[in-house]
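A quick write-up on the structure given underneath.
The values are calculated or read from the model by the stated rules, or taken from the named source; none is laboratory data. What you are looking at is a predicted structure, and each value in this text was computed from that prediction instead of being measured. As a convention, Cβ positions derive from the backbone with ideal geometry for all residues, glycine included, and neighbour counts pool all protein chains shown.
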Amino acid sequence: MPGIASNRATPPLYQRQVPTRPRSEAKRTRIIEAATQHFAQHGYHAARVGDIAIELGIAKGSIFQHFGSKDGLFFEVYKRSVRSFAKYLDAPAEIRAAGFFEVLRYWLVRTEHLVHEDWIPYRISLLGNYGTDFVLKREINRFLLSEDPYGTVSFVRFGLERHELRKDMDIEMVVSIIDWMVERVQDALLTAELDPGLFRRQGELTEKKEARIQQFLDVLQRAIGTGADPAPIARPKARGNHRR
């Protein structure tokens, strides 16, 4: 994302300085689980650490002792949520065999599962991407860059090894394009799922969604692909396993 590279030398703001004991780790996990539900329900700005503490029956100061601040707590919630999503190359073997752009299609088609099966972690990811302040957003960007939770780097290398992606582009640029663009397209597709009335002016929602996915893949292939058409495959039925 823009401006990430300039922050690489800056130490993270939200990190544990010392190892935690098993009981302490169990308490951290309880706090994160409760906070995940709370942030998902109320949003980042309206969420109150004091309310989370009351729900857990602990002192508010105990939460601050573990996480330092509300930002620190949300950051841990965000990382846990994002790590729960599947990676690109977790697609079925027959989809991977069909190529880089068919893997992308596979996950884009399954975006609607985020509403029905992974709504809470997806809601947290939306809050982290769009609903936090600049300082916290910078830490989120740093995390996405350093940990690569969706396996985008391995996925791009997969496309390069198959000679489906241009080799004259810097690999970090290709990774950034995938991260930026696929996330935004998924968010747009999910908006259509949540509010179909926005997209029913011309044709049915399913037809429009499939057309938008194909248009996006066509544009992306022209931008970063080698020009070879992806191998045609039978479109599989939607499954519950998906990547954000």
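Descriptive notes on the structure:
- Among residues of the range 145-159 being touching a helix residue (DSSP H, G or I) at 6+ places or on another chain (Cβ under 7 Å) and in contact (Cβ under 8 Å) with a residue 40 or more places away in the chain, the one that is surrounded by the fewest Cβ atoms within 10 Å (Cβ to Cβ) is S154.
- Test: residue in the range 160-176 that is among the polar types (S, T, N, Q), surrounded by 16 or more Cβ atoms within 10 Å (Cβ to Cβ) and either at pLDDT 90 or above or not in a helix (DSSP H, G or I) (or both): yes
- Filter pass, V49 being modelled with pLDDT of 95 or more, surrounded by 16 or more Cβ atoms within 10 Å (Cβ to Cβ), under 19 Å from P149 (Cβ atoms) and outside the structural domain of Q186 (by TED's automatic domain parsing): no
- So F134, is it farther than 30 Å from A35 by Cβ and either of a type outside the set (D, E) or not assigned by TED's automatic domain parsing to the domain that holds V219 (or both): no
- Only listed residue being farther than 24 Å from A211 by Cβ and out of contact with any Pro (no Cβ under 7 Å at 6 or more places or on another chain), chosen from E172, E112: E172
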